[in-house]
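Only one structure is covered here, and it is reproduced in the block below.
Please treat every number below as a calculation from the coordinates, not as lab data. All values derive from a computational prediction rather than experimental measurement. So basically every Cβ, Gly included, is an ideal-geometry build from the backbone, and we count neighbours across all protein chains shown.
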Amino acid sequence: MGPEGTDAIAGKTGWSGSTGAAGSSSREPTGTTARSLLGRDLPQIADDVTAEHLLTHTSGIGDHLDEEADTEITDYVIGAAHELTSAEAFLSLLDGHATKFAAGERFSHCDGGFVVLALLAERAGGIGYHDLVRERVLLPAGMTSTEFLPAGELSAHATTCPRSRCATASASGCTRARTPCS
């Protein structure tokens, strides 16, 4: 997405930004609420929650992984995690958690807030989160061999190497091939 696309998104969402090093964009919310991009999705997120609240763990939104609750780690089994390949796919996991406190009232670590941020980025950018990260972060930074992929996807740059062709096998797999893998 070029600068003209960035300006269009900024105009539509109320986010302002400036181009920084390596063509990356620095964005700061200017009163934009999560609700303005969520529409009717995730109705338990308060209307005044902003991206800044989500980034600073001060949103007060309920979370599927509530670290303040008196529960066991086994209570947080997600199930079909391989199906969570986009931010939109997380909606059912994020929905239905009651607000813990008013936005900005206090700090409470919230993993779900960052998934909501990914969802907001997808909706503001008009493309999937992984593509957005590739186009707006990795490529401008010159990181052309770095991939940020959805769960379960394998990079086109990845190779598989049978253990029989590996000089130093370990529990984590092949660390150096004797012969090139093809």
Roughly what would the spin-label model give for SER36 and ALA89, points 7 Å off Cα along C-beta, in nm? 3.0 nm
Packing-based order for 86-98, 138-150, using average beta carbon neighbours within 10 Å, highest first: 86-98, 138-150
Kirkwood Rh over Cα pairs of segment 90-130 into Stokes-Einstein at 25 °C, 0.890 mPa s: D in µm²/s? 210 µm²/s
Express in nm, to one decimal, how much length is gained between LEU139 and PHE114 on full extension, taking 0.36 nm for each residue of separation and deducting their alpha carbon distance. 6.8 nm
Estimated inter-spin distance, ALA98 and THR71, nm [label 7 Å along Cα→Cβ]: 1.4 nm
